[in-house]
Number of protein chains: 2
Amino acid sequence: MKDRTLEEYLESIAAATPTPGGGSVAALCGALSAALSRMVANLAIGKEGYESVQAELKEEDATAYDAVITAMRLAKKTDADRAARVRAMQSAYERATTVPLDTMQACSDALGIALVAAQKGNRNAISDAGVAALVAEAGLRAAGLNVRINLAALKDHALRAEIEKRLEAILNEADRVGHDVLALVEGRL
Amino acid sequence: MKDRTLEEYLESIAAATPTPGGGSVAALCGALSAALSRMVANLAIGKEGYESVQAELKEEDATAYDAVITAMRLAKKTDADRAARVRAMQSAYERATTVPLDTMQACSDALGIALVAAQKGNRNAISDAGVAALVAEAGLRAAGLNVRINLAALKDHALRAEIEKRLEAILNEADRVGHDVLALVEGRL
C-alpha cells in the first residue's frame, strides 16, 4: 500500500469492500504521527540552541523512522487479515484481534516518540509534536475499537482476558503520555 | 500532494522543512475520515436490510466525496501558506489562522458525516464509522493547535476574538457529535 498515491488510497478506502478500512487508517495514523515527530527532531538537528541534545535527536529520528515502517507494515497486515477473516470467519478472529492490538502498541510507541519530540525537538515546531500526539492517540483508540469488535467472538477465554488487560494498560498509558505532550504544547501556545 | 505515494508523503513530512507538517496531516485526517464514512455507506448501498435508507446513503456518499476533496485541497493550501509565512511573517499570520480554522470546519463536517454513517451505514462496518469519528476529531483538534499557535501573533483584536469564538464553537460541537458516534459504536461492540 505504501506505493499507492494518496488519492488512490482514499479511493480504495471509500470503495464498497471492507478492506482497506479502519484498521489500515488506524495504523496509518501511527505512521503519520511518527513522521511528524521525525520532522520536529530533524528541524533541531545541527541547529543553534540544541547542541546538548544532538545525540538524543538523532536517536529520536532513527526510532521514529522504525516506527513509521512498523506502522505501515501493520496497515498492510490489517488489510490482509480482514480479507482472510471474511473468508475464514472464526478461525481468523484471533489474528483479527492481535493485529489491531499490535497497531495499538505501534501507536503507543509513536505517542512516546511524540513526547520526546515535544521535549527536545525544535521549539518552533512544537505544535507539530502536539499534532503527532493527537493523531497517534486517534490511531490507538481506533485500533482499540477493532480489537474490541473482534474480542467478543473469541472462544479462548484466557486469551480474551489477557488481551483485555493489555488493551486497558495501553489505553491508560496513552491517556497519561497524551496528556503530558499536550501540556507541553499548551504551555507554549 | 494527492499524486504523491504514501511513502513519499511520509518522507516529505519527516524532512527537515516545516512543510508539509501538522497542518497538512490535520487536513488529511479529515479526508481519511470522510473516505471511511463513504465505505460504511457504500457497503450498505444496494444491500438487503437497507432498502428504506438508499436515498440517504447515496447522498451520504456524495457529501463525503466532496468532504474528501475539500480536505485534500486544505492540506495543499496549508502547506503553501506555511511556506508563505516563513517568507512573509506577520502579513501571512491572518491566513495562517484562517486556513487551519477552515480545516477544523472540514473535520467537523467529516464528523457529522461519520455520525450519519454510524446511523445508516452497514452495521457490520460500524467500527469503521467509529474510526472515522476518532480520526476526524484528531484532525479537528490538531488544526485547532495550529489556529491557536498563530492567533497570538494577530494584531487585529476584533478578528482574533471572532476566531476564538468560532474555535470554541467548533470544539464544543465536535465533543457532542464525537460522543454521539462513539456511543452508537460502543452500543454495538
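Quick check on region B:45-52. Is at least one of its residues more than 8 Å from every other protein chain (Cβ to nearest Cβ) and basic (Lys, Arg)?
Yes, region B:45-52 contains a residue that is more than 8 Å from every other protein chain (Cβ to nearest Cβ) and basic (Lys, Arg).
Out of all the residues in region B:39-52, is one or more over 17 Å from B:Lys120 (Cα atoms) and either basic (Lys, Arg) or buried (at least 24 other Cβ atoms within 10 Å of the Cβ) (or both)? Walk me through how you get there before you give the answer.
Initial filter on region B:39-52 (over 17 Å from B:Lys120 (Cα atoms)): none.
Within region B:39-52, not a single residue is over 17 Å from B:Lys120 (Cα atoms) and either basic (Lys, Arg) or buried (at least 24 other Cβ atoms within 10 Å of the Cβ) (or both).
Among (1) at the interface with chain B (Cβ under 8 Å from one of its Cβ atoms); (2) over 23 Å from B:Leu28 (Cβ atoms), which single condition is A:Val25 missing?
(2)
Does B:Ala183 satisfy being of a type in the set (Gly, Ala, Ser) and open to solvent by 30 Å² or more (accessible area, probe 1.4 Å)?
Working: of a type in the set (Gly, Ala, Ser): yes; open to solvent by 30 Å² or more (accessible area, probe 1.4 Å): yes.
In short, yes.
Looking at this structure, is B:Asp81 facing chain A (nearest Cβ under 7 Å), out of contact with any Cys (no Cβ under 9 Å at 6 or more places or on another chain) and modelled with pLDDT under 95? Break it down into steps so the answer makes sense when it comes.
Working: facing chain A (nearest Cβ under 7 Å): no; out of contact with any Cys (no Cβ under 9 Å at 6 or more places or on another chain): yes; modelled with pLDDT under 95: yes.
Here the answer is no, as B:Asp81 does not meet what is asked.
Quick one: how many residues across region B:101-136 are more than 7 Å from chain A (Cβ to nearest Cβ), touching a residue at least 40 places away in the same chain (Cβ under 8 Å) and within 10 Å of the chain's Cα centre (by Cα)? Even if it seems obvious, please write down each step before you answer.
First, pick out the residues of region B:101-136 that are more than 7 Å from chain A (Cβ to nearest Cβ): B:101-124, B:126, B:129, B:132-133, B:136.
Among the residues that remain, those that are also touching a residue at least 40 places away in the same chain (Cβ under 8 Å) are: B:101, B:103-124, B:126, B:129, B:132-133, B:136.
Those still in the list that are within 10 Å of the chain's Cα centre (by Cα) too: B:103-111, B:132-133, B:136.
So the count comes out to 12.
Taking the condition of being basic (Lys, Arg) and on the phi > 0 side of the Ramachandran plot, how many residues in region B:1-59 meet it? Write out each step before concluding.
Within region B:1-59, the first condition is being basic (Lys, Arg), and the residues that meet it are B:2, B:4, B:38, B:47, B:58.
Still in the running and on the phi > 0 side of the Ramachandran plot: none.
Residues flagged as basic (Lys, Arg) and on the phi > 0 side of the Ramachandran plot within region B:1-59 amount to 0.
Just one of A:Arg166, A:Arg176, A:Arg148 is within 22 Å of A:Ala71 (Cβ to Cβ) and within 13 Å of another protein chain (Cβ to nearest Cβ); which is it?
Values: A:Arg166 fails: within 13 Å of another protein chain (Cβ to nearest Cβ); A:Arg176 fails: within 13 Å of another protein chain (Cβ to nearest Cβ).
When all the criteria are applied, what remains is A:Arg148.
Scan region B:28-46 for residues that are touching a Lys or Arg at 6+ places or on another chain (Cβ under 8 Å) and in a helix (DSSP H, G or I) and report the count. Step through it out loud before you land on a result.
Looking only at region B:28-46, we keep the residues that are touching a Lys or Arg at 6+ places or on another chain (Cβ under 8 Å), and these are B:41, B:44-45.
If we keep only those that are in a helix (DSSP H, G or I) as well, we get B:41.
Counting residues in region B:28-46 that are touching a Lys or Arg at 6+ places or on another chain (Cβ under 8 Å) and in a helix (DSSP H, G or I) gives 1.
Which one of these is within 15 Å of B:Glu94 (Cα to Cα), small (Gly, Ala, Ser) and in contact with a helix residue (DSSP H, G or I) (Cβ under 9 Å, 6 or more places away or on another chain): B:Ala153, B:Ala174?
Exactly one of B:Ala153, B:Ala174 is within 15 Å of B:Glu94 (Cα to Cα), small (Gly, Ala, Ser) and in contact with a helix residue (DSSP H, G or I) (Cβ under 9 Å, 6 or more places away or on another chain), namely B:Ala153.
With respect to A:Ala71, is the statement that it is under 25 Å from B:Thr5 (Cα atoms) and either within 11 Å of chain B (Cβ to nearest Cβ) or at pLDDT below 95 (or both) true? Spell out how you get there, then give the answer.
Working: under 25 Å from B:Thr5 (Cα atoms): yes; either within 11 Å of chain B (Cβ to nearest Cβ) or at pLDDT below 95 (or both): yes.
Criteria met by A:Ala71.
Report whether or not A:Leu145 is surrounded by fewer than 21 Cβ atoms within 10 Å (Cβ to Cβ), closer than 18 Å to A:Arg95 by Cα and under 19 Å from the mean Cα position of the chain (by Cα). Even if it seems obvious, please write down each step before you answer.
Details: surrounded by fewer than 21 Cβ atoms within 10 Å (Cβ to Cβ): no; closer than 18 Å to A:Arg95 by Cα: yes; under 19 Å from the mean Cα position of the chain (by Cα): yes.
So A:Leu145 does not fit the description; no.
Can you tell me which of (1) of a type outside the set (Gly, Ala, Ser); (2) within 8 Å of chain B (Cβ to nearest Cβ); (3) open to solvent by 10 Å² or more (accessible area, probe 1.4 Å) is the one A:Glu8 doesn't meet?
(2)
Does B:Ala153 fit the bill of being in contact with a Leu (Cβ under 8 Å, 6 or more places away or on another chain) and small (Gly, Ala, Ser)? Walk me through how you get there before you give the answer.
Details: in contact with a Leu (Cβ under 8 Å, 6 or more places away or on another chain): no; small (Gly, Ala, Ser): yes.
No; evaluated as a whole, the condition is false for this residue.
The values are calculated or read from the model by the stated rules, or taken from the named source; none is laboratory data. It should be emphasised that the depicted structure is a prediction, and the values quoted were computed from it without experimental measurement. Backbone-built Cβ (ideal geometry, glycine too); neighbour counts: all protein chains shown. Calculation scope for accessible area: heavy atoms of the full protein, side chains included, ligands and nucleic acids excluded. Shrake-Rupley method; radii C 1.70, N 1.55, O 1.52, S 1.80 Å.
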